[in-house]
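Accompanying notes for the structure given below.
Values quoted throughout were computed directly from the atomic coordinates according to the rules given, and no laboratory measurement underlies them. It should be emphasised that the depicted structure is a prediction, and the values quoted were computed from it without experimental measurement. Reconstructed Cβ throughout: ideal geometry from the backbone, glycine too, with neighbour counts over all protein chains shown.
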Amino acid sequence: MLTIYRRHLKSCEHRKKGREYRRCKCPIWVDGLMGTLEIRKSMRTRDWDKAQRLIREWEANDRIDQSSKEPVTVEQVCGEFERDAVARGLREPTIYKYKLLSRRLQEFARSRGFRYLVDLDVSSLRDLRATWPSKNLLAIKKLEALKTFFKFAHDSGWIPQNPVSKIKNPKIVQQPTLPYEREEMIRILAACDRYAQECRKGNEAYARRLRALVLLLRYSGLRIRDAVMISQNRIKNGKLLLYMAKTGTPVYCPLPDFETNALEALPFESPLYFWTGKSKPKSAVGHWQRSLAKLFKLEKVLNGHPHRFRYTFAVENLLAGAPLEQVSTPLGHQSVHVTERHYAPWVRARQKQLEPSVRLAWTQDPIVASKTKGTSEVHGKVDPSKLLQ
């Protein structure tokens with residue numbers, strides 16, 4: 001005779017109640033004899049009714065259904081997921097993000113006593129999300145990576161469905177990142193001259209390299225990783241060679257003369273301006289991020305961050321009247337809608353169109369008409385001018 005029971009996890013608050021308690025969501029196991037065969041194994045489900053149906057089928061057929069394969073473990077799927085990311089040729093930051101996700105997923109599974117991937121259901125994955133300290137956009141990025149992991153497992157046939165697809169995205173309260181004011185840019189560049197004496201013990205060469213990086217970030221719109229990885233052959237005749245993210249079409253972005261002169265004056269240790277090529281790119285980016293943080297602290301720039309140079313590049317171009325489509329190209333956005341979502345408030349052409357439209361609507365307003373024409377009574381006995389007093 002076979003008996004099913006809940007095998008309580010270490011984290012289950014009903015663990016001390018023993019096998020008799022079954023109202024929790026712990027994995028279901030089976031124990032007993034079928035003929036002379038002793039059985040003690042996981043049912044690979046948490047649904048009590050489903051486990052009972054399986055037991056009845058086994059006993060009616062006098063055998064255990066062995067048609068299904070042995071379930072894969074969380075560790076096995078994580079390893080396959082990482083190897084697939086490398087084989088697809090994904091960028092190093094993406095591979096690092098996936099490896100970090102795999103490590104945290106395995107730690108969570110061990111803490112809950114889960115071994116197989118099928119044990120991770122919707123409820124447990126919601127518990128996993130609750131442990132994330134991240135909020136807003138970063139929380140969505142983590143959830144997207146988790147969905148990618150379980151979609152890979154589902155497409156491989158290791159789980160019957162993707163449990164993360166039933167988890168809703170968190171609410172986003174995103175504060176807009178403002179560009180640097182022109183006065184702030186002047187202070188940041190002035191701080192580069194003081195950086196050598198106050199932070200680098202008179203290393204003038206490093207201060208010049210830091211100044212060149214600040215100017216490159218400001219006048220190219222590059223992300224800090226792309227700027228640190230920039231090579232000498234990408235800048236020719238005062239223009240920076242970029243590639244459109246979606247089509248791969250080459251585009252040249254002009255740089256001011258003082259920026260190209262600052263780059264040419266740097267001592268070259270490798271074909272790259274800001275990286276020797278000997279360390280990992282992540283280490284090089286982290287090094288320059290720390291240097292920029294010291295620079296912002298030196299001049300007391302509030303909310304100083306390398307990505308704000310990218311915002312400054314985009315906003316200054318939009319305020320100068322550049323079309324949204326032309327600003328989207330050097331930023332490397334896959335769609336102009338991405339640029340529109342982040343920078344719509346600074347599109348000068350739209351602002352120029354908006355103001356006349358609003359003023360035109362005033363001419364049809366009886367309140368405005370009464371104020372401008374001095375009428376004492378509009379629309380019968382109502383004097384709308386009094387509404388404004």
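At 222 nm, what value in deg cm²/dmol follows for the chain if DSSP H runs of at least 4 each add -39500 (n - 2.57) and the sum is divided by all its residues, to the nearest 500?
-16000 deg cm²/dmol
How large are Rg and Dmax for the chain when calculated on the C-alpha trace, in angstrom?
According to the Cα coordinates of the chain, Rg and Dmax are 31.2, 104 Å.
Obtain the radius of gyration and the Kirkwood radius of the range 2-61 from its C-alpha atoms and give Rg over Rh.
That ratio is 0.99, to two decimals.
Mind ranking 323-331, 52-60 by how tightly packed they are, going by the mean number of other C-beta atoms within 10 angstrom, highest first?
323-331, 52-60
Quick one: which of 7-16, 209-218 comes out on top by average Cβ neighbours within 10 Å, and what's the full order, highest first?
My ranking of the peptides, most packed first, is 209-218, 7-16.
Quick check: from the Cα gyration tensor, does the range 243-316 come out rounded (a/c under 1.5), prolate or oblate?
In terms of gyration-tensor shape, rounded.
Tabulate in residue order the Karplus-calculated ³J(HN,Hα) for the range 152-167, using 6.51 cos²θ - 1.76 cosθ + 1.60 with θ = phi - 60°, rounded to whole Hz; enter x for Gly and Pro.
Each residue of the range 152-167 in turn: 4, 5, 5, 5, 7, x, 8, 9, x, 7, 8, x, 6, 5, 8, 9 Hz.
Computed on alpha carbon atoms, what radius of gyration and Dmax characterise the range 127-281, expressed in Å?
21.6, 63
Which order do the peptides 110-120, 231-241, 94-104 take when ranked by the mean count of other beta-carbon atoms within 10 Å per residue, highest first?
Output ranking for 110-120, 231-241, 94-104: 110-120, 94-104, 231-241.
Report the far tail of the P(r) of the range 74-166, meaning the percent of Cα-Cα pairs longer than 17 Å.
Result for the distance tail: 47 percent.
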